[in-house]
Amino acid sequence: MGNTLLSDVESRLREVLDGHAGATHLIDAGGKRLRPMLVILGAEFGPRQDKVVDAAVLTELVHVGTLHHDDVMDQAPVRHGVPTANALWGNNRAILLGDLMLARAGELGAELGLPALRLQTTTLARLVRGQLMETVRPKSADPMAFCLEVMADKSASLIAMAAELGALVAEAPPSVCGALHIYGEHLGIAFQLVDDVLDIVGGESGKTPGTDLRAGVVTVPVLHALAAGDAAADRLRVLLVTGTVTDPDLHAEALGLLRDGPGPSLTRADAGDHAELARAALADLPRGEAREVLDSLCDAVLERAK
């Protein structure tokens, strides 16, 4: 389903960014195109299809634009198996490329109508809020609840937007748009939990393992490991006391403790819980191929961590 539309999305992405050197660098590297796919699937629940491609392009532009900014903040050298824009051309150009994509997304959002633009801007506010919260973590907050709140804003909000936006521009009923938003929110949390596992154990994310450790980001697997109450947890707590773990030997030790501890398996279980909540949100949607594919994505997200 949607192969032709996905091909149209690829062409439109390059058309929108035409003439700007390096703008399609990460786009050309590939990626799952999960968010455009969700837009296309969400649109299957409504009668109107003429705005679907631009809605899907908008969503991918926001995603890739924020990746440029994330890579600068994390000083990440690799993304999707290729050097990041900041590694190739420096932080200034990488940030400007991210800004360009967000600006182009805003132009598309304005053409899609006020409800779509409102959803886009609300999502952008959540994305920035999540990043800010992660940067200025309050000491009084419950660590696990705070971590999940950041995850919901910083990562899940865009996946929720994608699923809802497709239905919105296709003029699906409000109840369908709401159900798809809930679906995307939980699918997005499951997706990010799996990403946090892959950042420790390595895998298909294309990122260098241990990026979060280097950046001083405390993730759900780390919190599970610290809660174990054993000697490994005590040693890990010592290694993390300064926040960032950049010394190569200490970084390797911390990563080894996390890989051998309970964090990855417990986080996989958490991801499974959210995948089931996403699946439950589909229960009242009209049956058909789109719903079946959305249901199967719940399993596909979890398969990435096996």
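The values are calculated or read from the model by the stated rules, or taken from the named source; none is laboratory data. These numbers come from a predicted model, not from an experiment. No Cβ is skipped: glycine too gets one built from the backbone with ideal geometry, and neighbour counts run over all protein chains shown. Accessible surface is based on the protein model in full, side chains and every heavy atom, while ligands, DNA and RNA are left aside. Shrake-Rupley method; radii C 1.70, N 1.55, O 1.52, S 1.80 Å.
Here is how the numbers come out for the structure above:
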{"item": "Distant-in-sequence amide H partners of residue 78 (H built 1.01 Å from N, under 5 Å)", "result": "84, 208"}
{"item": "Projected label distance in nm at residue 129 and residue 269, using a 7 Å step from Cα toward the beta-carbon", "result": "3.1"}
{"item": "Lys pairs under 23 Å by Cα in the chain, provided they are eight or more residues apart or on distinct chains", "result": "7"}
{"item": "Alpha-carbon centroid distance for the pair the stretch 169-231 / the stretch 233-261, whole angstrom", "result": "20"}
{"item": "Percent carbon-and-sulfur accessible area, the chain, ignoring ligands, DNA and RNA, probe 1.4 Å", "result": "56"}
{"item": "Calculated [θ] (222 nm, deg cm²/dmol) that DSSP helices of n ≥ 4 give over the chain, each run adding -39,500 (n - 2.57)", "result": "-23000 deg cm²/dmol"}
{"item": "Whole-number accessible area per residue in Å² for the chain, which is evaluated in the context of all protein chains at 1.4 Å", "result": "43"}
{"item": "Pairwise centroid distance, computed over Cα atoms, of the stretch 59-97 with the stretch 6-23, Å", "result": "17"}
{"item": "Theoretical gain in end-to-end length, residue 260 to residue 280 [0.36 nm per residue, Cα-Cα removed]", "result": "3.9 nm"}
{"item": "Under 20 Å from the residue 117 label point (7 Å along Cα→beta-carbon), backbone N, the stretch 33-50", "result": "50"}
{"item": "Highest-fluctuation residue, 34, 187, 258 considered, GNM on the chain with Cα pairs under 10 Å", "result": "34"}
{"item": "Cβ-Cβ FRET estimate between residue 28 and residue 137, R0 fixed at 41 Å, reported to 0.05", "result": "0.70"}
{"item": "Neighbour-limited loop hits for GluC sites (Glu not before Pro), the stretch 190-291 (at most 14 other Cβ within 10 Å; DSSP other than H, G, I, E, B)", "result": "204"}
